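**Student:** Before anything else, here's the structure in question.
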Amino acid sequence: MGSMIDFARPDGGSTKGYLALAGEGKPGVVVIQEWWGLNDQICGIADRFARVGYNALAPDLYEGRVTQEPDEATHLMGGLDFPGATHQDLGGAVGHLKGLGGKVAVMGFCMGGALTIAAAVHLPQADAGVCYYGIPPKDFADPANVGIPLQCHFANQDDWCTPAAVDELQGVLTQAGAEFEIHRYDAAHAFCNERSEAYDVGAASLSWERMLPFLAAHL
């Protein structure tokens, strides 16, 4: 359904990304990759958004590199310029979708979930965020400074975004008076990834059913 494009960054550069179109004037969703790269799973999410009426753009944050090996994924994620990815790649993606008309949300999974919260802190031009099992380092993106409506989905069996870390996030957002909601699932990290052993169709479907009304309300 979609295709690869080049879109402009605020610094004058460009980034490649997978664009799935629903039509001129439709709201948009920036889909942020997991640590594996811009793979078929993430492109499929963009296509799914297009089918329900959203223009969707998934930036290629690793510049064409994709892996299925955890060690290589760790290396790729460790080498990512997170401030640049947030302000330039994601900021450019939001701008590109706004150019097609309509409001724009950011959403992502794992590393992309952490970048979603970073975008909710650093990109006031975005209109909403949906985070799946990712929390950024506080010194880069303090959740106390989230400035847009935020919906979060976390797994109860997760040794990265642990329940304790989610409790802390919830406390910070509450104390800050942020507009947010947090949903928790009796599932493991990556429960929305159909290519993962952790895939949980019930949790994934329920999270999607919760996300669509949230996006409709804010976009």
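The values are calculated or read from the model by the stated rules, or taken from the named source; none is laboratory data. These numbers were taken from a predicted model, which means no experiment stands behind them. Here the Cβ is made from the backbone with ideal geometry for all residues, glycine too, and neighbour counts use every protein chain on show.
**Student:** Being in a helix (DSSP H, G or I), touching a helix residue (DSSP H, G or I) at 6+ places or on another chain (Cβ under 9 Å), small (Gly, Ala, Ser) and within 22 Å of Leu21 (Cα to Cα) is the filter here; which residues of region 86-118 pass it?
**Tutor:** Gly91, Gly112
**Student:** Further, regarding this structure: Out of Gly84, Gly17, Gly37, I need the residue that is more than 19 Å from Ile135 (Cα to Cα), of a type outside the set (A, V, I, L, M, F, W, C) and at pLDDT 95 or above. Which one?
**Tutor:** Checking each option against the conditions leaves just Gly17.
**Student:** Quick check on my filter: what residues within region 43-88 are over 15 Å from Gly28 (Cβ atoms) and acidic (Asp, Glu)? So that I can check it myself, show each step before the final result.
**Tutor:** Initial filter on region 43-88 (over 15 Å from Gly28 (Cβ atoms)): 43-44, 60-88.
Result: Asp60, Glu63, Glu69, Asp71, Glu72, Asp81.
**Student:** Every residue in region 62-114 that is of a type in the set (A, V, I, L, M, F, W, C), without any contact (Cβ under 8 Å) to a residue 60 or more places away in the chain and either under 23 Å from Asp6 (Cβ atoms) or out of contact with any Pro (no Cβ under 7 Å at 6 or more places or on another chain) (or both), please. Reasoning before the result, please.
**Tutor:** First pass over region 62-114, keeping only residues of a type in the set (A, V, I, L, M, F, W, C): 66, 73, 76-77, 80, 82, 85, 90, 93-94, 97, 100, 104-107, 109-111, 114.
When the remaining residues are screened for being without any contact (Cβ under 8 Å) to a residue 60 or more places away in the chain, the result is 66, 73, 76-77, 80, 82, 85, 114.
Within region 62-114, Val66, Ala73, Leu76, Met77, Leu80, Phe82, Ala85 meet the criteria.
**Student:** Please tell me if Thr15 is touching a residue at least 40 places away in the same chain (Cβ under 8 Å), touching a Gly at 6+ places or on another chain (Cβ under 9 Å), among the hydroxyl-bearing types (Ser, Thr, Tyr) and within 28 Å of Trp160 (Cβ to Cβ).
**Tutor:** The answer is yes for Thr15.
**Student:** Which members of region 120-138 meet the condition of being assigned to a loop (DSSP other than H, G, I, E, B) and more than 17 Å from Gln88 (Cβ to Cβ)? I'd like the intermediate steps shown before the answer.
**Tutor:** The initial filter retains those residues of region 120-138 that are assigned to a loop (DSSP other than H, G, I, E, B), namely 123-127, 133-138.
Within region 120-138, Asp127, Tyr133, Gly134, Ile135, Pro137, Lys138 qualify.
**Student:** When the residues of region 19-48 are filtered to those that are over 14 Å from the mean Cα position of the chain (by Cα) and assigned to a strand (DSSP E or B), which remaining residue is surrounded by the fewest Cβ atoms within 10 Å (Cβ to Cβ)?
**Tutor:** Ala20
**Student:** May I pose another question? Being free of Cβ contacts under 8 Å to residues at least 12 places away in the same chain and either in contact with a Lys or Arg (Cβ under 9 Å, 6 or more places away or on another chain) or among the β-branched types (Val, Ile, Thr) (or both) is the filter here, so list the residues in region 174-207 that pass it.
**Tutor:** Result: Thr174, Val201.
**Student:** When you go through Ala216, Ala164, Ala141 one by one, which is the residue that is under 22 Å from Val30 (Cα atoms), assigned to a helix (DSSP H, G or I) and free of Cβ contacts under 8 Å to residues at least 60 places away in the same chain? Before the answer, list the steps.
**Tutor:** Working: Ala164 fails: under 22 Å from Val30 (Cα atoms); Ala141 fails: assigned to a helix (DSSP H, G or I).
It is Ala216.
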